[in-house]
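First comes the structure, then the notes that go with it.
The values are calculated or read from the model by the stated rules, or taken from the named source; none is laboratory data. If you're wondering where the values come from, they're calculated on a predicted model, not measured in any experiment. All Cβ positions, glycine included, derive from the backbone under ideal geometry; neighbour counts span all protein chains shown.
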Amino acid sequence: MGRDRKAWMEALLMAAALLVALLGALVNVAAAAPLPDAAAGPSPSQTQALQRAHQAVVGVQALAVPDARSSSSLGRARAGSGVVIDGDGLVLTIGYLILEADQVLLTLDDERKVPARVVAYDVATGFGLLQALAPLKVQPVPLGSARALQVEEPLMMASGGGDAAVGIAQLVSRRPFAGYWEYLLEDALFTAPARADHSGAGLFNSQGELVGIGSLVVAQALGEQGPALPGNMFVPIDLLPPILAELRSSGMSAASRRAWLGLNCLELAGEVRVLRVNADSPADVAGLQPGDRIVRIDGAAVGSLGALWKTLWSGGAAERDVRLEILRDDTPQTLTLHSVDRMKTLRRAQGI
């Protein structure tokens with residue numbers, strides 16, 4: 001079984017490498033650059049780099065603590081992927097997979113299962129870090145540069161675990177991304193076609209370097225002004241090196257200590273409306289309701305999700321009074337919320 005799986009993965013990786021070469025040829029044609037000999041297939045070094053990249057992707061299975069608040073939206077049992085980024089068994093994944101996790105298992109290509117502990121969960125970037133508790137015997141993948149990527153560049157997307165898969169993804173856009181759950185990236189990566197195995201999946205350039213970690217399926221990979229194109233959003237790897245030491249020592253970056261209201265909001269036609277209010281959150285305590293339109297925060301006009309979150313986080317201490325001016329059934333109201341530090345609201349396994 002293990003031998004058949006290995007042969008299948010090698011064949012799949014060869015096919016992926018050839019597709020990278022062929023797509024690269026198409027990109028060069030569009031740029032009027034010299035055309036490589038795509039028919040000759042990938043170079044041995046490229047094939048080796050892509051094989052190493054995929055072998056560094058592992059499955060991640062996590063079980064949240066019994067009283068985890070995140071279980072209501074994410075479920076208690078979660079599954080996705082992660083990428084081995086150093087020789088000591090450090091694994092980078094997407095944070096929501098391991099949010100409030102009690103137990104974590106890593107699944108390798110040879111079907112081994114290795115326990116891991118949570119090292120960090122970073123609200124600001126969305127990254128999560130795991131430490132394997134036994135040797136992985138997996139070569140780590142080098143980190144690349146998402147900033148160096150060009151739109152239309154062909155990339156390799158790989159997931160791990162029992163449903164491990166590798167395929168081609170094309171970078172179709174890069175732009176700010178504002179999440180409805182109090183989250184903002186200034187330079188998110190968007191790829192197509194859309195894949196369902198995106199959670200914690202690795203995005204690699206043609207040199208086999210890690211350039212992004214999978215986060216979401218999106219309906220508009222080209223943005224709201226472009227034609228409909230389902231795709232995936234990736235967190236760029238460039239956000240990791242400046243905070244990696246901090247994540248390992250503190251479990252989060254300094255930017256993750258920021259105000260949190262407990263809101264899910266929707267932006268539509270220049271208006272921001274409340275979709276959902278987290279139970280027992282500052283927004284819940286203050287009486288905010290689904291359907292409320294947020295007009296101003298601390299006196300600043302709100303016309304987008306990005307503006308709402310930026311103003312909230314730049315307004316002072318994580319725990320403070322925040323004034324929201326809203327419209328409820330076209331009636332103006334002003335509510336005062338006492339924001340909290342999001343990290344203090346999370347449940348942790350006993351002893352952590």
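For this structure, a couple of remarks:
- There is no residue in region 327-336 that is modelled with pLDDT under 95 and touching a strand residue (DSSP E or B) at 6+ places or on another chain (Cβ under 6 Å).
- Within the option set ALA116, ALA148, being more than 22 Å from ALA255 (Cβ to Cβ), surrounded by 21 or more Cβ atoms within 10 Å (Cβ to Cβ), modelled with pLDDT of 95 or more and not acidic (Asp, Glu) holds for one residue only, ALA116.
- Some residue of region 56-69 being part of a helix (DSSP H, G or I) and either of a type in the set (A, V, I, L, M, F, W, C) or at pLDDT below 85 (or both): no
- Selection of strands (runs of 3 or more DSSP E) fully inside region 250-339 by the criterion of at least 3 residues being aliphatic (A, V, I, L, M) returns 263-268, 271-277, 293-297, 321-328.
- Which listed residue, of ASP110, ASP102, ASP86, is part of a loop (DSSP other than H, G, I, E, B), at pLDDT below 95 and not aromatic (Phe, Trp, Tyr): ASP110
- Of all residues in region 161-196, those satisfying the criterion of being part of a loop (DSSP other than H, G, I, E, B), under 22 Å from ARG78 (Cβ atoms) and touching a residue at least 24 places away in the same chain (Cβ under 8 Å) are GLY161, GLY162, ASP163, ALA164, TYR180, TRP181, GLU182, ALA194, ARG195.
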